[in-house]
1. Go through (1) assigned to a loop (DSSP other than H, G, I, E, B); (2) surrounded by 12 or more Cβ atoms within 10 Å (Cβ to Cβ); (3) more than 11 Å from the chain's Cα centre (by Cα) one by one and return the number of the condition residue 20 breaks.
2. Would you mind telling me which numbered condition in (1) without any contact (Cβ under 8 Å) to a residue 12 or more places away in the chain; (2) not in a loop (DSSP other than H, G, I, E, B) residue 47 fails?
3. Can you name the condition, by its number, that residue 33 falls short on among (1) at pLDDT 85 or above; (2) outside any helix (DSSP H, G or I)?
4. Output the number of the condition that residue 56 fails; it satisfies all remaining conditions of (1) touching an Asp or Glu at 6+ places or on another chain (Cβ under 6 Å); (2) surrounded by fewer than 13 Cβ atoms within 10 Å (Cβ to Cβ); (3) not polar (S, T, N, Q).
5. Is there any pair linking a residue in the range 1-15 that is more than 16 Å from residue 47 (Cα to Cα) and in a loop (DSSP other than H, G, I, E, B) to one that is among the charged types (D, E, K, R) and at pLDDT below 85, with Cβ under 7 Å and at least six apart or on different chains, and which?
6. Of 63, 40, 54, which residue is in a loop (DSSP other than H, G, I, E, B) and within 11 Å of the chain's Cα centre (by Cα)?
7. Out of (1) surrounded by 10 or more Cβ atoms within 10 Å (Cβ to Cβ); (2) on the phi < 0 side of the Ramachandran plot; (3) not hydroxyl-bearing (Ser, Thr, Tyr), what's the single condition that is false for residue 65?
Amino acid sequence: MLIGWDADANGCGYSTATKDYPFIYWPSPPNTQMLDQLKQTPPNLEAFNKLLNQAVCVKECPQDDGAII
């Protein structure tokens, strides 16, 4: 099984500290350039690490309220 890991190296929903936070979320989704790097064969590990360093564990996925920031 795949476990989502946040920027602090916590397995989301995996440990006592994150048992109530089973989902992984990226406040800033990856841009097109990063997605292209992740699709490379083999994957660009620098891009993968950068993506993981922006992740957080959450209780539930945020809902779109339609607000533009």
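The values are calculated or read from the model by the stated rules, or taken from the named source; none is laboratory data. Note that the coordinates shown come from a computational prediction; the quantities given were computed from them, not determined experimentally. Here the Cβ positions follow ideal geometry from the backbone for every residue, glycine too, while neighbour counts run over all protein chains shown.
1. Only one criterion is unmet by residue 20, namely (2).
2. (1)
3. Of everything listed in (1) at pLDDT 85 or above; (2) outside any helix (DSSP H, G or I), residue 33 misses just condition (2).
4. Every listed condition holds for residue 56 apart from (2).
5. Here the result reads 12/6, each pair linking the range 1-15 to a residue that is among the charged types (D, E, K, R) and at pLDDT below 85.
6. Just one listed residue meets the conditions, 54.
7. Here residue 65 meets the rest and fails (1).
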